[in-house]
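Chemist: Structure in structure tokens, see below.
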Amino acid sequence: MAAVRSLTAHNDENKVQVVRKGAVRVIIKAMIRYLADAELQQEACGVLRNLSSSVEAKEALADGTALDGVLKIMKFHASNPVIQEQACVFLFNIAKGKRAHKIIDKRGVESAVTALEKHIDQASLVEEACGLLWKLAGPFSQMFPGGQNTRVSGYHVISLGKQVVAIHKGKDKAAVQKYGEGMVRAWSAITKRQHKPKQPKTPLANKDESAAD
């Protein structure tokens, strides 16, 4: 798995070949079969993170199998910050249009919130989780006007964002501050609108890829 992760880091041609040869399905099967293997899950999530930055690969990841697998891994390995970070980047990269709604429907917002709650002191993970929640704010408000449902409180997300900004200070934490503040602004905007909300401005670029350690 580590070899595939290295091959797919910053190489679009390799990503396309991996997808065309059906490797995504094999990776997901391995993730589900060896659910408790944290090392394998880190590498597998790293591969999916890399693939999710490719347009062609992204379409192959949109069928729900990969999404279901990643969300299941996030829940099982909630205490592992490396897995949570890789998974958040994967979700960030595929979160657009119907795919964003699918992430929300499958409780991706809750997964990101849990990652923040458990690892709020982990700067790199916090940056990715905040970026994901920032990006999902608009689609969430389309599905749940007012930024609330029975499982997610927009006010809780805002509170977490404010904690992030307070905890991660300094020039070396500028990116964490940016995403934390962006998340707070986006969720503050949608919780104030009970009717058709204006789409908050979100970060659109794919996140960086991950090479094997």
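Values quoted throughout were computed directly from the atomic coordinates according to the rules given, and no laboratory measurement underlies them. The model shown is predicted, which means the values in this text are computed figures rather than measured ones. Here the Cβ is made from the backbone with ideal geometry for all residues, glycine too, and neighbour counts use every protein chain on show.
Chemist: Cα to Cα, under 16 Å, and not fewer than 8 places away if on the same chain: which lysines meet these conditions relative to LYS118?
Modeler: Once the sequence-local lysines are set aside, what remains near LYS118 is LYS75, LYS162.
Chemist: Once Cα extents along the principal axes in Å is worked out from the coordinates, which option in (1) 95, 38, 35; (2) 47, 36, 29; (3) 71, 46, 32 does it equal?
Modeler: It is the value labelled (2).
Chemist: Relative contact order for the chain: what is it in percent, counting Cα pairs under 8 Å that are at least 6 residues apart?
Modeler: Values: 317 pairs, mean separation 47.6, N = 213.
Relative contact order for the chain comes out at 22 percent.
Chemist: Can you list residues whose amide H is under 5 Å from THR8's amide H, if they're 5+ apart or on another chain and H is modeled 1.01 Å from N?
Modeler: none
Chemist: Where Lys and Arg each count +1 and Asp and Glu each count -1, what net charge lies around MET183 among other residues with Cβ under 10 Å from its Cβ?
Modeler: Summing Lys and Arg as +1 and Asp and Glu as -1 gives +3.
Chemist: Highest GNM mean-square fluctuation, the chain, Cα pairs closer than 10 Å: which of PRO139, PRO203, PRO81?
Modeler: PRO203
Chemist: Have a look at ILE28, ILE167, ILE94 and tell me which one the Gaussian network model of the chain (Cα, springs below 10 Å) gives the largest fluctuation.
Modeler: For the chain, modelled as a Gaussian network with Cα springs under 10 Å, the answer is ILE167.
Chemist: While we're on this one: Looking at PHE140, PHE92, SER54, which one has the Cα that reaches farthest to the positive end of the dipole of the chain (charges on Cβ: Lys, Arg +1; Asp, Glu -1)?
Modeler: Towards the positive end, the residue furthest out is PHE140.
Chemist: Quick one: dipole size for the chain, taken about the Cα centre, charges +1 on Lys/Arg Cβ and -1 on Asp/Glu Cβ, in debye to the nearest 20.
Modeler: Details: 32 positive and 21 negative charges, 194 e Å.
Roughly 940 debye, rounded to the nearest 20.
Chemist: Which of VAL126, VAL26, VAL82 moves most in a GNM of the chain, Cα contacts under 10 Å?
Modeler: Top of the fluctuation ranking is VAL26.
Chemist: By counting other Cβ atoms within 10 Å of each Cβ, how are ARG25, ARG151 ranked from fewest to most?
Modeler: Taking fewest neighbouring Cβ atoms as first place, the list is ARG151, ARG25.
Chemist: Just add up the charged neighbours of VAL152: K/R +1, D/E -1, any other residue whose Cβ is under 10 Å from the Cβ of VAL152. Please list the in-between numbers first.
Modeler: Details: positive: ARG107, ARG151; negative: GLU110.
Combined, the nearby Lys, Arg, Asp and Glu give +1.
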